[in-house]
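The values are calculated or read from the model by the stated rules, or taken from the named source; none is laboratory data. These numbers come from a predicted model, not from an experiment. So basically every Cβ, Gly included, is an ideal-geometry build from the backbone, and we count neighbours across all protein chains shown.
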Amino acid sequence: MTTLRQLFLANNAQTTNFPLLLEFERAEGIYMYNAEGKPYIDLISGIGVSSLGHNNPHVIDAIKQQVDKYMHLMVYGEYVQTPQVRFAEKLVSVLPDSLQSVYFTNSGAEAVEGALKLAKRFTGRSQVIAFHNSYHGSTHGALSVMGNEEFKQAYRPLLPGVSFIHFNDPDHLQFITEETACVIMETVQGEAGVRVPDVAYMQALRARCTETGTLLILDEIQAAFGRTGKLFAFEHFGIVPDILLLAKALGGGMPIGAFISSNQIMDALKENPILGHITTFGGHPVCCAAGLAALEFLLEANLVAGVAEKEALLRSLLVHPAIKQVRGKGLMLAAELEDFDLNKKIIDRCIENGVITDWFLHCSNSMRLAPPLIITPDEISKACAVIVEAVDYYTK
Ligand SMILES: Cc1ncc(COP(=O)(O)O)c(C=O)c1O
């Protein structure tokens, strides 16, 4: 009999020669279960998505209720669809006043595309500045602002007019000029292995963008919704972006992204030509209903308040001579090991022992630690014991 795994390899497009090939039957809370009922702790939240854990009942209920009312009615931006309106209203209520216009997309990459287009339209400029080691998605525009040559060289030519500066280096802010349409930056770099910039740097960046009339786009697709210990990561730095990018945890497990700015900036999409960004499924009613329920749950359960303490616990438990550093903020952390070979062996052993983790796209010697925010201290201790055992196993 053909197994599911064989069918997966035969009929589902493969993007590597070594997929993980794990099979799960169901997921709940921080656990994913295989067909034999073996639980695995999801220490990466499906790469920053399942912040509330899997199958949050409040989110599921909202999805079911919306499915019974309607699913797709019309392409984005024409009909007044209750879930889109209510979700935007809620998002705006937890954001600074200048971020009041929400454009819902299908994904993070589409939010990046929309934001780059918006910045060009609003400023009338075409030059873009991005950062070395950044990751903003895999479509052509998003790839153009990716700070890693290895992943993008095969797809050139990409967008012209993009240049790259060093993350957290004040000396490079001079490259932002009156010609620059936008600076696009992950507030906390994720795939670079979780890099947190300095407060002074972020304030200088904000000031330089304002001084030159450049729009500051902060990509919080990975970092938002409490992951770093604040609802939005920019709150750590006392600054506000001109355009904010969200996705991943935004939908509570459903696919949705958003770019958010002031009405004044967003209005640039309305004229000359009209319909500055078009999307059929962006802001899908079911995804918006799920996203609204997820945000309500996050706020009502006050999950963000517990993040700093959980970070401290993780850091206190992940102590081992072979762990060179635990980097990051909140529950967006990276444990650095000697090299990829060691990291990979340790990760494989952790998975065997029921703890799912991985490495980063641009930082293969570091292990990703980004559990659902609902993880308990006991579960953190359990997961860390598995990691430390695996580190010990390969290094003693
Ligand atoms: C910081 C950041 N931006 C953008 C994206 C792209 O999002 P998506 O995969 O939904 O297109 C990702 C995805 O990992 C991301 O981490």
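Quick notes on this structure:
Yes/no per residue for (1) of a type in the set (Val, Ile, Thr); (2) touching a residue at least 60 places away in the same chain (Cβ under 8 Å); (3) within 21 Å of Phe104 (Cβ to Cβ):
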| site | (1), (2), (3) |
| --- | --- |
| Arg26 | no, no, no |
| Tyr33 | no, no, no |
| Tyr40 | no, yes, no |
| Ser50 | no, yes, yes |
| Ile60 | yes, no, yes |
| Gln66 | no, yes, yes |
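- Test: residue in the stretch 46-66 that is surrounded by fewer than 21 Cβ atoms within 10 Å (Cβ to Cβ), modelled with pLDDT of 95 or more and within 19 Å of Glu220 (Cβ to Cβ): yes
- Evaluated against (1) buried (at least 20 other Cβ atoms within 10 Å of the Cβ); (2) out of contact with any Ser or Thr (no Cβ under 7 Å at 6 or more places or on another chain); (3) small (Gly, Ala, Ser), Ala181 falls short on exactly one condition, (2).
- The stretch 103-132 residues that are under 15 Å from Thr180 (Cβ atoms), paired with ones that are at pLDDT 95 or above and near the ligand (Cβ under 9 Å from one of its atoms) (beta carbon under 7 Å, 6 or more apart): Ala115/Leu245
- Yes/no for Phe122 being surrounded by 21 or more Cβ atoms within 10 Å (Cβ to Cβ), away from the ligand (no atom under 14 Å from the Cβ) and closer than 20 Å to Leu205 by Cβ: yes
- Filter result for the condition that a residue is of a type in the set (D, E, K, R) and within 16 Å of the ligand (Cβ to nearest atom), over Glu110, Glu78: Glu110
- Residue satisfying condition, being surrounded by fewer than 24 Cβ atoms within 10 Å (Cβ to Cβ), assigned by TED's automatic domain parsing to the domain that holds Val92, among the aliphatic types (A, V, I, L, M) and away from the ligand (no atom under 16 Å from the Cβ), within set Ala200, Ala192: Ala200
- Among the residues examined, Ala142 qualifies as near the ligand (Cβ under 9 Å from one of its atoms) and without any contact (Cβ under 8 Å) to a residue 60 or more places away in the chain.
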